[in-house]
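The values are calculated or read from the model by the stated rules, or taken from the named source; none is laboratory data. Predicted, not measured: the structure shown is a model, and the values here were computed from it. Reconstructed Cβ throughout: ideal geometry from the backbone, glycine too, with neighbour counts over all protein chains shown.
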Amino acid sequence: MKKPIQQHFSVPFQYQVHFTRAIFDKNNPLFAHTVKSDLVPKVFFIIDQGVAEAHPNLINQIEAYAEAYKHIFQLCGRSLIVPGGEQSKNTNRYFQQILEATHTFGIDRHSYVVALGGGAVLDMAGFASAVAHRGIRHIRIPTTVLSQNDSGVGVKNGINSFGKKNFLGTFAPPFAVINDVAFLTTLDDRDWRAGISEAIKVALIKDASFFQWIEKQASSLASRQMEPMETLIYRCAEMHLEHIASGDPFEMGSSRPLDFGHWAAHKLEQLTAYQIRHGEAVTIGMALDATYSYLKNMLSAEELHRIVQLMKTLGFDLYVPELSNQEVLNGLDEFREHLGGELTIMLLNAIGQGVEVHEMDKHLLQEAISKLKKFQEADLKV
Ligand SMILES: NC(=O)c1ccc[n+]([C@@H]2O[C@H](COP(=O)([O-])OP(=O)(O)OC[C@H]3O[C@@H](n4cnc5c(N)ncnc54)[C@H](O)[C@@H]3O)[C@@H](O)[C@H]2O)c1
Ligand SMILES: [Zn+2]
């Protein structure tokens, strides 16, 4: 028998996450510079319908911008408008439409597929870009708080299938990400608020001083002031990117620190038929795991109080009736299955200090759920 041939190589990935304003103003060359190459590449746009409706001039602006920079890139076809939110991920219809466009317009591996929208549209379009021709250069222009500080800057994409979130998808770093704060002005209050949850998440597991900063800014954030929001997005995106680079970017192991609060959140999203936003579900999931940490004597009463107080000040619900559904606890088993190994859940030893555990006591979880119901009814006494 011949000995095995040992194969080994590594591929370095790098991409830039830009922060700009008025991305399609002709005086802003950032987008054109991002796609600039020796050729005049083709660029195909996929646009979230919610954004197109809130910014009726957007498509004209993109076309005028492309005209101004036609020596640098060329638009192919008209932009493809797809429904915003989870609808775009709950079927393979829009995914298929992008593949068809790739075929029809001859979009190759030197062209660019640009997705502009919320996290759901970016996830779906990112998946299509990753599989067409085994990977086309993909640029993301996130338009929600959540996608600018979390989902749009990372390396994952996907669509839902068999009733499970993100059942189909890949790990595929984007070519570039361009955040434009101007899009955030048209978000409805729920989407404005929902993205703040991912910043609370990274603060809770890694950075007590960031948590304190969010506490100080809570009222300004709740009243939609842009300046603290820009700082929050920048810091959260930065921590997210640091984590991806230093940890396990393609999630080979069972550890998922950034999924703090997410096992219950994913289940709640599904049980509410996606009526609650990802970020809203994550807040409830984090409140649940923080309360559980307190009941396990890992987190002090004072710290739990600060956490639920912050969530309330920002206007989040801490409980929805679906949380009492027996099925929520099945979310633990589904999460383990998704990780593909040992159950690994992030809990809190302190604000700013996450700790991983490998089992959860379902009775104590029930108790934590009852406490959240009380917190929701305005009784914040821990
Ligand atoms: N890939 C990842 O790593 C990752 C991480 C976290 C979340 N996600 C996914 O992200 C999705 C949630 O994304 P989201 O919170 O960004 O919301 P979303 O994509 O569901 O969008 C919410 C709504 O806002 C609208 N919208 C988007 N931008 C707008 C704007 N600027 N003005 C007005 N309306 C606008 C959309 O049309 C939609 O109706 C979920 O599917 C979640 O699973 C992915
Ligand atoms: Zn999330």
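Odds and ends about this structure:
- Take the conditions (1) in contact with a Lys or Arg (Cβ under 9 Å, 6 or more places away or on another chain); (2) without any contact (Cβ under 8 Å) to a residue 12 or more places away in the chain; residue 261 misses just one of them, which is (2).
- Only one of 206, 267 that is more than 19 Å from residue 314 (Cβ to Cβ) and surrounded by 22 or more Cβ atoms within 10 Å (Cβ to Cβ): 267
- The condition (being small (Gly, Ala, Ser), over 19 Å from residue 196 (Cβ atoms) and either at pLDDT 95 or above or over 16 Å from the mean Cα position of the chain (by Cα) (or both)) is satisfied by just one residue among 287, 273: 273.
- Members of region 242-259 that are away from ligand 1 (no atom under 12 Å from the Cβ), under 15 Å from residue 173 (Cβ atoms) and among the aliphatic types (A, V, I, L, M): 245
- Qualifying residue in region 139-153 (condition: surrounded by fewer than 21 Cβ atoms within 10 Å (Cβ to Cβ) and either within 16 Å of ligand 2 (Cβ to nearest atom) or β-branched (Val, Ile, Thr) (or both)): no
- Any hit, region 340-349, residues being farther than 27 Å from residue 158 by Cβ, touching an Asp or Glu at 6+ places or on another chain (Cβ under 8 Å) and either among the small types (Gly, Ala, Ser) or touching a residue at least 24 places away in the same chain (Cβ under 8 Å) (or both): yes
- For residue 145: the one exception among (1) touching a strand residue (DSSP E or B) at 6+ places or on another chain (Cβ under 6 Å); (2) in contact (Cβ under 8 Å) with a residue 60 or more places away in the chain; (3) among the β-branched types (Val, Ile, Thr): (1)
- Taking the conditions (1) surrounded by fewer than 16 Cβ atoms within 10 Å (Cβ to Cβ); (2) part of a strand (DSSP E or B) in turn, residue 333 satisfies each one other than (2).
Matching residues to (1) without any contact (Cβ under 8 Å) to a residue 24 or more places away in the chain; (2) on the phi > 0 side of the Ramachandran plot; (3) assigned by TED's automatic domain parsing to the domain that holds residue 122; (4) loosely packed, with under 14 Cβ neighbours inside 10 Å:
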{"residue": "34", "(1), (2), (3), (4)": "no, no, yes, no"}
{"residue": "39", "(1), (2), (3), (4)": "no, no, yes, yes"}
{"residue": "45", "(1), (2), (3), (4)": "no, no, yes, no"}
{"residue": "57", "(1), (2), (3), (4)": "yes, no, yes, yes"}
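- Pick from region 107-149, criterion over 18 Å from residue 97 (Cβ atoms) and of a type in the set (Gly, Ala, Ser), ranking: nearest to ligand 1 (Cβ to nearest atom): 119
- Screening region 239-268 for residues that are assigned to a helix (DSSP H, G or I) and aliphatic (A, V, I, L, M) and picking the one that is modelled with the lowest pLDDT gives 258.
- Residues that are touching a Gly at 6+ places or on another chain (Cβ under 6 Å) and away from ligand 2 (no atom under 14 Å from the Cβ), drawn from region 194-210: 207, 208
- Among the residues of region 80-96, those that are part of a helix (DSSP H, G or I) and buried (at least 17 other Cβ atoms within 10 Å of the Cβ) comprise 85, 86, 88, 94, 95.
- Residue, surrounded by the fewest Cβ atoms within 10 Å (Cβ to Cβ), within region 97-116, restricted to residues that are out of contact with any Gly (no Cβ under 8 Å at 6 or more places or on another chain) and in a helix (DSSP H, G or I): 103
- Search result, residues across region 14-38 that are assigned to a loop (DSSP other than H, G, I, E, B), closer than 22 Å to residue 155 by Cα and not hydroxyl-bearing (Ser, Thr, Tyr): 14
- Counting only residues that are among the β-branched types (Val, Ile, Thr) and within 16 Å of ligand 1 (Cβ to nearest atom), region 282-333 holds 3 of them.
- Region 65-79: number of residues that are crowded, with 18+ Cβ neighbours inside 10 Å and on the phi > 0 side of the Ramachandran plot: 0
- Considering only residues in region 52-69 that are part of a helix (DSSP H, G or I) and not hydrophobic (A, V, I, L, M, F, W, C), the one that is farthest from ligand 2 (Cβ to nearest atom) turns out to be 67.
- Qualifying residue in region 309-324 (condition: under 18 Å from residue 363 (Cβ atoms) and in a helix (DSSP H, G or I)): yes
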